[in-house]
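Any read-out appearing in this document is the output of simple, stated calculations on the displayed coordinates, not a laboratory observation. All figures in this text were calculated on a predicted structure; none of them were measured in a lab. Glycine gets a Cβ as well: all are built from the backbone with ideal geometry, and neighbour counts include every protein chain shown.
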Amino acid sequence: GPTAGKHVKNRIDKNLVSLLNPQSFEAEQFKILRTNLLFPVSGKSPRTILITSAVPNEGKSFVAANLAVSVARHVNWNVLLVDCDLRRPSV
């Protein structure tokens, strides 16, 4: 049978602060970002969020992964995180 789920717990990256330490300062910042993105003053929540930058190593994967965890844990929405970096995927 499928075993992928059994290995996930062993591979949790220490940079997933929203998951590993939800009361930390960093996790709180992702909660603020989540709230600002998903509940804008205009009242219309986005269906898709894209995290990108012009240069490598700016923290795109860190932000995307932690934001995904924050949304999934606190808003109870389905979340799909896709790493589109075909040369150096990191998610």
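Looking at the range 27-91, which chymotrypsin sites (Phe, Trp or Tyr not before Pro) are DSSP coil and have at most 11 other C-beta atoms within 10 Å of their C-beta? Could the numbers behind the result be given before it?
On the way: sites: F30, F62, W77; in loops: W77.
Here the sparse-neighbourhood loop sites are W77.
Which angle between 0 and 90 degrees, to the nearest 10, do you get for helix 25-38 versus the longest principal axis of the chain when only C-alpha atoms count?
60 degrees
Before rounding to the nearest 500, sum -39500 (n - 2.57) across all DSSP H runs of length at least 4 in the chain and divide by the residue total; then give [θ] at 222 nm in deg cm²/dmol. Mind dumping the intermediate values first?
Numbers: 4 runs with 38 residues, N = 91.
For the chain, the value works out to -12000 deg cm²/dmol.
Please give the helix 60-74 orientation as an angle from the longest Cα principal axis of the chain, in degrees from 0 to 90, rounded to the nearest 10.
70 degrees
Based only on other Cβ atoms within 10 Å, what is the fewest-to-most ordering of I49, I32?
On the way: I49 15, I32 10.
In increasing order of surrounding Cβ atoms, one gets I32, I49.
Students often get this wrong, so try it: which of [x] 44, 30, 29; [y] 62, 29, 17; [z] 30, 25, 23 is Cα extents along the principal axes in Å as calculated from the structure shown?
[x]
Taking 0.36 nm per residue of sequence separation and subtracting the Cα-Cα distance, how much length would be gained by fully extending the chain between H74 and D13, in nm to one decimal? Kindly include the intermediate steps, with their values, before the conclusion.
Details: separation 61, 0.36 × 61 = 21.96 nm, distance 2.00 nm.
Contour length minus the Cα-Cα distance gives 20.0 nm.
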